[in-house]
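Structure record follows, encoded as structure tokens.
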Amino acid sequence: MGIPSSILPILVIPNQDPGKGGGHIARCQRLVQALSALGGEAYLLTNISEHQSTDIPVMNEMQAQTISAWRFIVIDGFRTAPQVVHRWSQKAPVVGIDEGGPCRSSFDYLVDILPGPKGLTIAVKLLMLFMPIFREFSVYKMLCTSLGQADKPNLVNPDFLQLPQKRREQFPESIKKVLITFGAEDAQNLSMSVIRGLIPHGIGYDISLVVGPMNKNITAQIRQELALQGIHLIKAPDNLMEYLADYDLVITHYGLTAFEALAAQTSVALVAPTAYHEILGLSTQFYSFGYGRKAALGVGRQLTRQLVQHSIIQASRELYHRFCLFRTTNSFAATLQSWTFPTYGRCPLCQDRSRRGGRILARFPDRTYVRCGRCGITYMVRPNHPPITYDGAYFLEDYKKQYGKTYIEDFPNLIQMAQSRLNQIEQILLHGRRYKIHGEKALKIDVPHYVRLLDIGCAYGPFLAAAKERGWSVMGLDPSHDAVRYAKDHIGVPVLQGLFPETDLTSLTDGEQLDVVSLWYVIEHFPDLGKALKAASEMLKKGGLLAFSTPSGSGISGRARLRSFLEQSPPDHWTILSPRTCGSILARYGFRLVKTVSTGHHPERFPFVGAFAKSKKTVIYRVLLKVSQLFSLGDTFEAYAIKE
């Protein structure tokens with residue numbers, strides 16, 4: 001038995017590339033400290049010797065690669081190289097923070113703590129191209145704002161920022177004390193450009209400059225010159241955020257410090273090092289002086305205008321309330337600590353986790369949907385187990401919410417559905433035993449009573465009841481205690497409580513192989529579908545039948561509105577199959593698919609024309625129903641396969 005994933009360690013990997021500043025490292029250091037404080041085991045990946053001498057748990061890459069199992073790996077890489085993501089995804093699920101690189105779609109889970117567009121998409125590149133011409137137009141700024149809502153991650157949550165404890169009581173009414181900070185490195189040397197622009201116009205300003213630990217622009221000579229001009233030089237403290245409340249204005253670039261200053265109720269204005277950073281700032285609606293050294297040199301002239309000062313303060317107030325920066329607790333580490341990734345990010349069928357050739361179909365706060373590049377199925381990755389228990393409430397309240405009646409109230413309809421499925425099974429079994437079939441007459445020929453059937457996920461037993469009426473030897477398995485008791489007491493059939501394939505079924509089957517194994521809307525619930533299909537195959541005789549139903553990814557809902565279809569998929573459905581891919585999947589486990597039946601037809605869900613098919617009495621409804629049946633566009637399907 002493996003180690004429970006909840007006690008495995010977490011690895012946190014920051015961007016340490018030259019020219020990327022120290023913000024990623026600082027954020028990851030704080031995250032590891034917070035995880036450790038919560039009782040978790042977490043390590044910072046770093047090859048920098050000065051980080052290894054701190055009290056933060058660290059590892060170098062060679063050490064990290066020798067660990068046999070990580071719970072998951074957090075990468076704060078800004079634009080992580082594909083080979084890096086691929087290398088670590090072989091070890092464990094990967095969680096990206098504010099990822100903007102070409103492999104953004106390869107992460108198991110994405111968290112955007114800082115809002116705004118991620119990556120150099122075509123839209124971003126076009127906005128960068130036209131920025132010199134259209135930047136001051138309101139339409140241009142609206143386009144930047146709309147970009148921040150595209151390429152959705154699983155979660156956008158500025159609440160996950162670690163925010164300062166020291167705060168002003170309110171935003172300033174005017175600007176007197178100014179802090180300039182451009183990160184640990186300031187590769188573009190924007191600090192000096194801002195100061196050179198401020199000095200001629202800076203009468204009355206108290207100006208301070210934070211000198212980052214990797215800033216090589218501020219030489220000893222420059223330090224002397226700045227001191228003579230009354231500029232306060234501050235060696236970057238470990239907790240810079242706790243000093244921000246001492247100022248009226250922080251001039252910085254888009255990043256953590258900008259949000260920390262807002263939380264301290266200090267007004268913020270940006271100078272972007274690149275056009276891309278400028279779009280990030282505009283998309284979030286920060287006040288920005290522009291990008292590059294020319295914009296930095298113009299800061300002092302613009303600040304002489306009272307209207308500009310008022311605009312900066314007003315924009316800062318609005319952002320403070322929009323992002324709820326008035327809170328004082330940080331929940332990011334607690335959220336990560338609760339994650340276990342129960343399927344470890346693997347495909348439930350082929351166990352692949354590389355994402356090579358695969359595709360992320362949609363992301364939601366509680367899950368990610370992936371199309372496997374190796375076997376082709378659609379599957380779900382979750383950071384936590386589904387919040388569902390298969391008890392009485394599952395068949396009563398939950399069932400009623402979806403179908404308008406409880407499972408017991410729907411029993412007659414379920415019996416009728418079972419009869420139709422049994423007809424399909426009888427026809428296939430009879431054909432396999434060389435009985436002569438003449439259309440509907442074949443459905444009335446009695447199958448010998450020794451046919452033995454196991455219904456997995458039998459619920460309250462409607463399928464077992466219908467099969468029992470035909471003289472079959474039936475047995476069932478279900479995780480719900482209430483359902484098992486009902487099937488035993490009211491239908492009189494042997495049923496065990498438990499999960500498949502973990503439960504020992506010897507007491508039901510006497511160790512003998514079966515003629516039929518059925519799973520009606522069950523196979524999508526298996527986090528390890530391959531293991532379940534292998535077990536079902538082993539339970540069947542050669543020539544035995546596997547019958548199941550499941551939602552279809554190629555139905556009209558999945559084709560017309562895929563994101564909506566996936567969003568509405570129940571949180572415990574780990575896989576989504578389709579009639580087209582079903583045959584190759586079953587063949588892996590020794591089955592030959594002999595028939596699929598498209599079910600769950602919804603003409604009203606057709607795009608455009610479906611709005612006119614609300615009533616079953618309309619001509620358009622009947623036409624679309626025929627189209628749906630002809631092209632197998634039902635949102636569910638049944639599959640029948642023979643073990644060879």
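The values are calculated or read from the model by the stated rules, or taken from the named source; none is laboratory data. What you see is a predicted model; the values in this text were computed from it and never measured. Ideal geometry is used to build each Cβ from the backbone, glycine not excepted, and the neighbour counts take in all protein chains shown.
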Number of the exception - PHE182 against (1) at pLDDT 90 or above; (2) in a loop (DSSP other than H, G, I, E, B); (3) surrounded by fewer than 20 Cβ atoms within 10 Å (Cβ to Cβ): (3)
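So is GLN309 touching a helix residue (DSSP H, G or I) at 6+ places or on another chain (Cβ under 7 Å) and farther than 22 Å from PRO117 by Cα or not?
Working: touching a helix residue (DSSP H, G or I) at 6+ places or on another chain (Cβ under 7 Å): yes; farther than 22 Å from PRO117 by Cα: yes.
Considered against the rule, which asks whether it is touching a helix residue (DSSP H, G or I) at 6+ places or on another chain (Cβ under 7 Å) and farther than 22 Å from PRO117 by Cα, GLN309 comes out as yes.
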First in segment 522-543 and small (Gly, Ala, Ser), second anywhere and assigned to a helix (DSSP H, G or I) and modelled with pLDDT under 95, Cβ under 8 Å, 6 or more apart: GLY543/GLY432
Residue count, segment 142-189 (criterion: touching a Lys or Arg at 6+ places or on another chain (Cβ under 8 Å) and over 23 Å from VAL124 (Cα atoms)): 6
Selection from segment 330-343 of residues that are surrounded by fewer than 19 Cβ atoms within 10 Å (Cβ to Cβ) and farther than 17 Å from VAL111 by Cβ: PRO342
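Would you mention how many residues in segment 330-378 are β-branched (Val, Ile, Thr) and either part of a strand (DSSP E or B) or over 30 Å from ALA34 (Cα atoms) (or both)?
Here is the first cut: in segment 330-378, the ones β-branched (Val, Ile, Thr) are 335, 340, 343, 360, 368, 370, 377-378.
The next check asks that each one be either part of a strand (DSSP E or B) or over 30 Å from ALA34 (Cα atoms) (or both); those that pass are 360, 368, 370, 377-378.
Counting residues in segment 330-378 that are β-branched (Val, Ile, Thr) and either part of a strand (DSSP E or B) or over 30 Å from ALA34 (Cα atoms) (or both) gives 5.
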Residue within segment 392-401 that is surrounded by fewer than 18 Cβ atoms within 10 Å (Cβ to Cβ) and of a type in the set (A, V, I, L, M) present: yes
Any hit, segment 383-395, residues being assigned to a loop (DSSP other than H, G, I, E, B) and within 25 Å of ARG87 (Cα to Cα): yes
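Limited to segment 540-564, what total is found for residues that are outside any helix (DSSP H, G or I) and surrounded by 19 or more Cβ atoms within 10 Å (Cβ to Cβ)?
Of all residues in segment 540-564, those outside any helix (DSSP H, G or I) come to 540-555, 561.
Checking the rest, the ones that are also surrounded by 19 or more Cβ atoms within 10 Å (Cβ to Cβ) come to 540, 544-555.
So the count comes out to 13.
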Unique residue being at pLDDT below 95 and surrounded by fewer than 20 Cβ atoms within 10 Å (Cβ to Cβ) when the list is ILE234, ILE207, ILE279, ILE175: ILE234
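What number of residues within segment 364-408 satisfy the criterion of being hydrophobic (A, V, I, L, M, F, W, C), under 29 Å from ALA587 (Cα atoms) and touching a helix residue (DSSP H, G or I) at 6+ places or on another chain (Cβ under 8 Å)? Quick ask: steps written out before the conclusion?
So in segment 364-408, the residues hydrophobic (A, V, I, L, M, F, W, C) come out as 364, 370, 372, 375, 377, 380-381, 388, 393, 395-396, 408.
Retained after the next criterion (residues that are under 29 Å from ALA587 (Cα atoms)): 370, 372, 375, 377, 380-381.
Filter once more, so that each one left must be touching a helix residue (DSSP H, G or I) at 6+ places or on another chain (Cβ under 8 Å): 375, 377.
Of the residues in segment 364-408, 2 are hydrophobic (A, V, I, L, M, F, W, C), under 29 Å from ALA587 (Cα atoms) and touching a helix residue (DSSP H, G or I) at 6+ places or on another chain (Cβ under 8 Å).
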All positions within segment 287-299 that are over 13 Å from SER193 (Cα atoms) and surrounded by 24 or more Cβ atoms within 10 Å (Cβ to Cβ): SER288
Filter pass, SER537 being surrounded by 15 or more Cβ atoms within 10 Å (Cβ to Cβ), assigned by TED's automatic domain parsing to the domain that holds GLN416, among the hydroxyl-bearing types (Ser, Thr, Tyr) and more than 25 Å from GLN419 (Cβ to Cβ): yes
Close pairs from segment 341-363: first under 21 Å from LYS152 (Cα atoms) and without any contact (Cβ under 8 Å) to a residue 40 or more places away in the chain, partner of a type outside the set (Asp, Glu) and crowded, with 20+ Cβ neighbours inside 10 Å, Cβ under 8 Å, at least 6 apart: GLY358/VAL370; GLY358/CYS372
Residue within segment 275-282 that is free of Cβ contacts under 8 Å to residues at least 60 places away in the same chain and among the acidic types (Asp, Glu) present: no
